[in-house]
Amino acid sequence: MLTQAHLYQHNQRALQQDITAFDAQYRQFESHWVQGVMEALQDTDNESGCLNTVQDLVDAIDELVQVEANSESAAVDYVAQSMKREEFRILVQEFALDGLTEAQAFYFIMPRLPLAAQLPMLRILIDEFGSANPKRMHTTLYLNLLRELAMPLDRLHYVERIADSSFAFVNQFYWLTLRAEDPSYFAGAITYLESVIPFFFPCYVDACKRLGIAAHHYYSEHCHIDHFHALEGKRLLLAMAQEQCLDLEKAWYGVRFSQQITLDAFEQAVHKARTQKELQHAHSAA
Ligand SMILES: [Fe+2]
Ligand SMILES: [Fe+2]
């Protein structure tokens, strides 16, 4: 039976060899997964029918982010206040595949956007890649964190260890950029993520401070820069609307989809950290 881990590895093979050669059975697995999440979201959604303009969509995203920022989360509180260093290493492990390949899937959305909408996306990408300074790339910041925590730097190490929900977190970007039938899904998702991270990542910054982890920059940089990326996300939505290629409902479902996948990955990772307590088969830094 196929799993999110298989889908991830197929995505990687396709990216490195031939992106058009996406196997039918993986396509089916992926669309079944996405459809299942979307159908569950439809049952709980009372927003999509009320979106008439791009401003309505932007307001709905802001409102969703504010609700999330103000709501209590035992997992967030635990990370900020109580998570032990060994548990924190598990949390870092669960998001390592994303950190080690940060934003590389975003390239694939570019040719699917009208030129005016490519520009805000390009500005986001420039920051993700450290303005072409290798020391400031977000992936480098993750590598620094892994080094300080004496964890392996090799992506393949994590492919063998992370949970299905952590693979789904990475796989969402391949679906959103490459196979979602409309780029509006991606535009909604990226705007949501960039908007929510400055409210969500402070728990990691607090954990680093509390645990004496000096390589906190992966998290603290996102708290700073994603505030600006959220504005670029809104410019992306606006440009797409002006070019008449923004489907408001699909963008909103991109928001909700990404929220669901991200929250699930985070909750599961924190749960795994708390139950497993320490890394299994931990190696010293590569
Ligand atoms: Fe980033
Ligand atoms: Fe960002």
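Each value in this text was obtained by applying a stated rule to the coordinates, not by laboratory testing. Keep in mind that this is a model prediction, so the values were computed, not measured. As a convention, Cβ positions derive from the backbone with ideal geometry for all residues, glycine included, and neighbour counts pool all protein chains shown.
Among 165-174, 145-154, what's the highest-first ranking by average C-beta atoms within 10 angstrom per residue?
Values: 165-174: 24.0, 145-154: 17.7.
Listed from highest to lowest mean packing, they are 165-174, 145-154.
Excluding residues on the same chain fewer than 8 positions from Lys272, give the aspartates and glutamates whose Cα lies under 14 Å from its Cα.
Of all the aspartates and glutamates, those that pass the test against Lys272 - Cα under 14 Å, at least 8 places apart if same chain - are Glu86, Glu87, Glu94, Asp164, Asp264.
Can you list the HN-Hα couplings for the stretch 16-22, worked out from phi with the Karplus curve (6.51, -1.76, 1.60; θ = phi - 60°), rounded to whole Hz and with x for Gly and Pro?
Ordered by residue, 3J(HN,Hα) equals 7, 10, 8, 5, 7, 8, 8 Hz.
From the P(r) of the stretch 35-76, can you give the percent of Cα pairs sitting at distances over 12 Å?
70
Would you work out which of Phe228, Ala187, Phe199 lies farthest towards the positive end of the dipole of the stretch 186-271, given +1 charges on the beta-carbon of Lys and Arg and -1 on that of Asp and Glu, about the Cα centre?
Checking the options against the dipole of the stretch 186-271, the answer is Phe199.
When Rg is the radius of gyration of the Cα atoms in the stretch 39-175 and Rh is its Kirkwood radius, what does Rg/Rh come to?
Details: Rg = 18.2 Å, Rh = 18.0 Å.
Rg divided by Rh gives 1.01.
Got the relative contact order for the chain handy, in percent, Cα pairs under 8 Å and 6 or more residues apart?
Values: 343 pairs, mean separation 89.3, N = 286.
It rounds to 31 percent for the chain.
Local charge sum around Glu232 (other residues, Cβ-Cβ under 12 Å, Lys/Arg +1, Asp/Glu -1)?
Net charge around Glu232: -1.
Can you tell me what percent of all Cα-Cα pairs in the stretch 137-286 are more than 29 Å apart?
On the way: 2630 of 11175 pairs.
Here the long-distance tail beyond 29 Å is 24 percent of all Cα pairs in the stretch 137-286.
Computed on alpha carbon atoms, what radius of gyration and Dmax characterise the chain, expressed in Å?
Values for the chain (Cα only, Rg and Dmax): 18.3, 54 Å.
Let's see if you can work this out: charge +1 on each Lys and Arg Cβ, -1 on each Asp and Glu Cβ, no other charges. What is the dipole magnitude of the chain about its Cα centre, in debye to the nearest 20? The partial results should precede the final answer.
On the way: 22 positive and 38 negative charges, 232 e Å.
Value, rounded to 20: 1120 debye.
Counting only C-alpha contacts under 8 Å and six or more residues apart, can you give the relative contact order of the stretch 1-132 as a whole percent?
Relative contact order comes out at 11 percent.
Round to a whole angstrom and tell me the spacing of the C-alpha centers of the stretch 1-65 and the stretch 202-216.
Using only Cα atoms, the two centres lie 31 Å from each other.
Sum up the charges of everything whose Cβ sits under 15 Å from the Cβ of Tyr218, counting Lys and Arg as +1 and Asp and Glu as -1, but leave Tyr218 out.
-4
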